[in-house]
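What follows is a single structure, written as structure tokens, with notes after it.
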Amino acid sequence: MRILICYATTEGQTRKICRFVADHLMDNGHSVELLSADDGLDEASELDLNRFDAAVLAGSVHVGKVQRALIEFASELTDGFREMPVLYLQVSLAAAGKDAEERAELARIAEETVAAFGWTPAKVLQVAGAFRFSEYDFFKAWAMRWIASQHGQTVAHGEDREYTDWRALAADVDAWAEAAAMSR
Ligand SMILES: Cc1cc2nc3c(=O)[nH]c(=O)nc-3n(C[C@H](O)[C@H](O)[C@H](O)COP(=O)(O)O)c2cc1C
């Protein structure tokens, strides 16, 4: 299949996740175009979604919200996305845990985000992200250290800690791609 991947990232983990997904799909014989939502927004009016059979959109959660750029990109191209199987990856730290309340909150954020897209993805996947203390300014580092401590984690100064389960992600992407190919 010809697959468009468009992501928004604040500290870089969603970009890393989308590069991994792109490599994985290409290894399996698909052709992939990888786009940042920030760049994609300028191109959205010129982007011909008829060139693609399927798409992966991805964004990360910051204080209960996903990047505006992703929502604008997704809603700009409503007609095209409505016609194709789309996998939406929502990256967060809460997805790394099993807390029922936090999981319900992630589901609510995904629902709100998808409503703002104006169309419904074929599949929504919650993906665990990372602490990236190497990217945080003083206040973010302070807030994130507090969040880590609330979850019984201590992260050393300047340390990055990744929770993304690459193997599970690859399996989920494979399952989606198989269903997407069959639905064409
Ligand atoms: C300021 C800030 C706020 C965050 N808010 C949330 C949140 O509300 N819920 C959550 O599960 N994760 C939250 N996170 C964690 C991010 O979703 C996680 O670090 C993710 O990997 C970021 O992806 P990115 O590097 O692609 O931006 C927050 C992170 C930062 C730095």
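The values are calculated or read from the model by the stated rules, or taken from the named source; none is laboratory data. Bear in mind the structure is a predicted one, so any value in this text is a computation, not a measurement. Here the Cβ positions follow ideal geometry from the backbone for every residue, glycine too, while neighbour counts run over all protein chains shown. We work out accessible area using only protein heavy atoms, side chains counted, and drop any ligands, DNA or RNA first. Shrake-Rupley method; radii C 1.70, N 1.55, O 1.52, S 1.80 Å.
Taking the residues in the stretch 1-55 that are assigned to a strand (DSSP E or B) and out of contact with any Phe, Trp or Tyr (no Cβ under 9 Å at 6 or more places or on another chain) as candidates, determine which candidate is farthest from Val91 (Cα to Cα).
Among those that are assigned to a strand (DSSP E or B) and out of contact with any Phe, Trp or Tyr (no Cβ under 9 Å at 6 or more places or on another chain), it is Ser31.
Listed by first and then second residue, the pairs with beta-carbon distance under 6 Å, at least 6 apart or on different chains, first residue in the stretch 81-100 and farther than 17 Å from Gly129 by Cβ and in a strand (DSSP E or B), second hydrophobic (A, V, I, L, M, F, W, C) and open to solvent by 50 Å² or more (accessible area, probe 1.4 Å), are Val86/Ala122. The residues of the stretch 5-46 that are over 13 Å from the mean Cα position of the chain (by Cα) and modelled with pLDDT of 95 or more, listed by number, are Asp23, His24, Leu25, Met26, Asp27, Asn28, Gly29, His30, Ser31, Val32, Glu33. For Ser60, all conditions in the list (1) within 16 Å of Phe117 (Cα to Cα); (2) surrounded by fewer than 16 Cβ atoms within 10 Å (Cβ to Cβ); (3) under 12 Å from the mean Cα position of the chain (by Cα) hold save one; what is the number of the exception? So Ser60 meets the others, but not (2). Considering (1) farther than 17 Å from Thr9 by Cα; (2) under 14 Å from the mean Cα position of the chain (by Cα); (3) touching a residue at least 60 places away in the same chain (Cβ under 8 Å), the lone condition that Asp165 does not fulfil carries the number (3). Restricted to the stretch 70-98, and to residues there that are near the ligand (Cβ under 10 Å from one of its atoms) and farther than 28 Å from Met182 by Cβ, the residue that is surrounded by the most Cβ atoms within 10 Å (Cβ to Cβ) is Ser92.
Considering only residues in the stretch 122-161 that are buried (at least 18 other Cβ atoms within 10 Å of the Cβ) and touching a residue at least 40 places away in the same chain (Cβ under 8 Å), the one that is nearest to the ligand (Cβ to nearest atom) turns out to be Gly129. Is at least one residue of the stretch 66-76 at pLDDT 95 or above, under 30 Å from Asp48 (Cβ atoms), β-branched (Val, Ile, Thr) and touching a Phe, Trp or Tyr at 6+ places or on another chain (Cβ under 7 Å)? Taking every residue of the stretch 66-76 in turn, at least one turns out to be at pLDDT 95 or above, under 30 Å from Asp48 (Cβ atoms), β-branched (Val, Ile, Thr) and touching a Phe, Trp or Tyr at 6+ places or on another chain (Cβ under 7 Å). Right, Trp119: free of Cβ contacts under 8 Å to residues at least 24 places away in the same chain and either farther than 15 Å from Ala95 by Cα or within 10 Å of the ligand (Cβ to nearest atom) (or both) or not? Answer is no for this residue.
Per-residue answers, yes or no, for (1) assigned to a helix (DSSP H, G or I); (2) more than 17 Å from the chain's Cα centre (by Cα):
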position: Leu70; (1), (2): yes, no
position: Ser75; (1), (2): yes, no
position: Leu106; (1), (2): yes, no
position: Glu111; (1), (2): yes, no
position: Ala115; (1), (2): yes, no
position: Met144; (1), (2): yes, yes
position: Val155; (1), (2): no, yes
